[in-house]
Amino acid sequence: AAKRRFFIGGNWKANGSPASVKQLIEELNSAKLEVDTSKDVEVVCSPPFVYLSQVKSDLRKDYAVAAQNMWDKAPGAWTGETPAAMLKDMSIDWVVLGHSERRESCGETSEVVASKTKFAIESGLSTITCIGEKLEERESGKTFELLDLQMKPIAAALNEEDWDKVVLAYEPVWAIGTGKVATPEQAEETHAFLRKWLADNVSQKVSDSVRILYGGSVNNKNSEELGTKPNIDGFLVGGASLKGGAFTTIINSAK
Ligand code: PEP
């Protein structure tokens with residue numbers, strides 16, 4: 001992943017209790033890093049909303065904090081939602097958008113994901129915007145077609161400078177939480193497709209600079225090999241981000 005700074009995101013999903021979050025923070029804070037977080041790698045942890053302030057105040061300061069979603073409207077009469085401005089007020093700098101679990105269970109379309117991405121950037125947040133095909137799409141040879149459909153609304157919503165604030169996470173749905181990781185070759189092929197897509201549909205500059213993460217059953221045993229691929233700029237990690245030791249090993253694979 002030449003030139004681009006490696007990026008490791010930890011998606012805690014809807015997991016944790018006050019005690020387990022405290023313990024995970026302690027594990028992450030005391031773990032021995034072999035990489036330099038001011039230059040080699042950027043690390044972002046994404047806890048559930050109710051733990052954001054705990055994590056923001058207690059997690060080591062060289063790791064940033066992300067929300068797992070946000071509301072793309074100004075604060076007001078939106079019961080149960082968390083507007084972007086509130087995240088910003090809490091000094092949260094990142095938001096995960098368009099995770100496949102939200103696309104699937106909350107009906108978030110690619111248009112919604114695109115408009116949330118734009119709103120987040122306008123609100124001063126950076127985004128980890130997720131895309132990825134389902135098993136039936138991969139098996140019927142429609143992966144690139146589907147990714148094209150997911151990317152188009154995002155590219156239409158953003159201007160060239162907006163892309164400085166976006167990290168793309170390619171997460172094949174069949175690999176998320178299944179233990180079935182994409183092979184390094186499968187992941188690299190798709191990342192190379194996305195990089196070319198950005199060159200053809202946005203600009204060469206954006207294609208060269210945007211970090212494209214792989215997500216889907218990344219763990220402390222497979223991260224090193226995946227990370228050697230030229231178009232894989234880091235990972236979005238689910239299950240293995242809940243263990244301080246495993247997550248730290250994945251961060252160290254940025255070497
Ligand atoms: C994710 O939820 O973004 C993810 C990749 O999960 P897991 O690592 O558990 O497959």
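Here, each number is a calculation from the coordinates, and none is a lab measurement. It should be emphasised that the depicted structure is a prediction, and the values quoted were computed from it without experimental measurement. Cβ placement follows ideal geometry from the backbone for every residue including glycine, while neighbour counts extend to all protein chains displayed.
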*Which numbered condition trips up Lys243, out of (1) away from the ligand (no atom under 12 Å from the Cβ); (2) surrounded by fewer than 19 Cβ atoms within 10 Å (Cβ to Cβ); (3) among the charged types (D, E, K, R)?*
(1)
*Does Thr178 qualify as being under 25 Å from Val21 (Cα atoms), in contact with a Ser or Thr (Cβ under 8 Å, 6 or more places away or on another chain) and not aliphatic (A, V, I, L, M)?*
yes
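Just for region 30-54: of the residues that are among the hydrophobic types (A, V, I, L, M, F, W, C) and more than 14 Å from Ser241 (Cα to Cα), which one is surrounded by the fewest Cβ atoms within 10 Å (Cβ to Cβ)? First the steps, then the outcome.
Within region 30-54, the subset among the hydrophobic types (A, V, I, L, M, F, W, C) is 31, 33, 35, 41, 43-45, 49-50, 52.
Now drop any that are not more than 14 Å from Ser241 (Cα to Cα), which leaves 33, 35, 41, 49-50, 52.
Numbers: Leu33: 16, Val35: 17, Val41: 20, Phe49: 15, Val50: 11, Leu52: 21.
Once the filter is applied, the top-ranked residue is Val50.
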*Give Glu224, Glu133 a once-over and let me know the one that is of a type in the set (Asp, Glu), within 16 Å of the ligand (Cβ to nearest atom) and surrounded by fewer than 16 Cβ atoms within 10 Å (Cβ to Cβ).*
Glu224
*Neighbours by Cβ (under 6 Å, 6+ apart or cross-chain): first from region 238-252, over 18 Å from Gln23 (Cβ atoms); second in a helix (DSSP H, G or I) and within 11 Å of the ligand (Cβ to nearest atom)*: Ile250/Ser223
*Looking at region 154-184, which of its residues are among the acidic types (Asp, Glu), touching a residue at least 24 places away in the same chain (Cβ under 8 Å) and assigned to a helix (DSSP H, G or I)?*
Glu160, Asp162, Asp164
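Of all residues in region 85-130, count the ones that are part of a loop (DSSP other than H, G, I, E, B), within 16 Å of the ligand (Cβ to nearest atom) and out of contact with any Cys (no Cβ under 6 Å at 6 or more places or on another chain). Before the answer, list the steps.
Step one: list which residues in region 85-130 are part of a loop (DSSP other than H, G, I, E, B), which gives 90-93, 98-99, 106-109, 123-125.
Restricting the remaining residues to those that are within 16 Å of the ligand (Cβ to nearest atom) gives 98-99, 106, 108.
Next, from what is left, pick out any that are out of contact with any Cys (no Cβ under 6 Å at 6 or more places or on another chain): 106, 108.
The qualifying residues number 2.
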*Report, ordered by the first and then the second residue, all pairs with beta carbons closer than 6 Å, sequence separation of six or more or different chains, a first member in region 69-91 that is touching a residue at least 12 places away in the same chain (Cβ under 8 Å), and a second member that is of a type in the set (Phe, Trp, Tyr) and surrounded by fewer than 14 Cβ atoms within 10 Å (Cβ to Cβ).*
Trp71/Trp78
*Say whether the condition of being over 20 Å from Gly227 (Cβ atoms) and among the aliphatic types (A, V, I, L, M) is met by at least one residue in region 26-35.*
no
